[in-house]
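Just so it is clear, none of the values below were taken in a lab; they were calculated from the coordinates. The shown structure was predicted, so the numbers you read here are calculated from the model rather than taken from an experiment. As a convention, Cβ positions derive from the backbone with ideal geometry for all residues, glycine included, and neighbour counts pool all protein chains shown.
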Amino acid sequence: MKRFVIGFFTFGLLLALVASLHPGAQSIWWDWQGLNSQDMVLKVAVAAVLAWWLPAQRDRVNYWSFNFLVGLLIGSIGLFPIRAIHFAGMARWPFLFLGAAIPDLGSVFWNTTQLSPLFASCVIPLCLLAFLISHDTLKWLVLGISVGVTGFMIVAAFSSPTVIWFSSDFWSMTFLLVNAVVCAISTRLFFSVATGD
């Protein structure tokens with residue numbers, strides 16, 4: 001927790017320094033109205049239920065691990081306070097990118113409201129799990145990310161989803177739900193590996 005607080009204040013000082021160096025930047029403010037709080041609460045709630053339900057041995061999972069909680073946020077709603085930061089005269093995309101959840105990253109790259117089938121799928125969580133599950137501390141980060149992404153896809157599937165290259169809501173919903181199921185099953189198996197079952 002100490003490292004997180006130090007890192008957060010260091011990041012804030014770095015942003016203030018960048019703002020002071022930028023000639024057009026005269027002010028910094030937070031805009032919380034651009035964030036959909038109901039959607040974010042729903043995604044975190046679904047991710048929390050999945051975090052409790054997916055592991056076979058719940059007593060071996062440290063739910064309050066800093067890495068696990070950060071992974072859960074990165075996978076489900078992103079580091080949303082960064083998205084709310086505004087600098088006068090500065091581009092918004094770096095803050096949108098740093099504060100976005102993994103499934104939303106494609107929207108930032110292509111400047112669209114539609115989800116990308118690469119980012120809003122099980123591909124990134126499965127790759128992270130495959131490469132980092134044997135690491136002592138990073139395994140909890142990637143397990144959190146995988147649970148968060150699964151929660152994101154479940155909520156997105158039932159909220160009029162639009163995925164690039166899919167012509168209708170039905171196919172977008174099907175794509176998201178199939179990927180959520182694959183991600184949930186894989187995460188359950190990787191939980192078993194992480195907890196030594």
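Considering the convex hull of the alpha carbon atoms of the stretch 72-129, report its projected area averaged over all viewing directions, in nm², one decimal. It would help to have the intermediate numbers written out before the result.
Working: hull surface 16.5 nm².
Mean shadow area of the hull around the Cα atoms is 4.1 nm².
Given labels modelled 7 Å from the Cα in the Cβ direction, how far is it in nm from F66 to A48?
Calculated label separation equals 2.2 nm.
If you take the charge dipole of the chain about its Cα centre, with +1 on Lys and Arg Cβ and -1 on Asp and Glu Cβ, which of Q33, V178, L115 is farthest toward its positive end?
Going by the charge dipole, the pick is Q33.
With the contact rule set at Cα under 8 Å and sequence spacing of 6 or more, what percent relative contact order holds for the stretch 53-113?
After rounding, I find 28 percent.
Which residue, V44, V178, V142, has the most motion in a Gaussian network model of the chain that connects Cα atoms within less than 10 Å?
Fluctuation is largest for V178.
Could you give the radius of gyration (one decimal) and Dmax (whole number) of the Cα atoms in the stretch 21-99, in Å?
For the stretch 21-99, the Cα radius of gyration and maximum Cα-Cα distance read 16.6, 55 Å.
Can you compute the charge dipole magnitude of the chain about its Cα centre, using +1 on each Lys and Arg Cβ and -1 on each Asp and Glu Cβ, nothing else charged? Give it in debye, rounded to the nearest 20.
Roughly 320 debye, rounded to the nearest 20.
Run the quick spin-label model on T162 and N36: label points 7 Å from Cα toward the beta carbon, then report their separation in nm to one decimal.
For T162 paired with N36, the spin-label model returns 1.1 nm.
Evaluate the chain: find the radius of gyration of its Cα atoms, find its Kirkwood radius, and give the ratio Rg to Rh.
Result for the chain is an Rg/Rh of 1.00.
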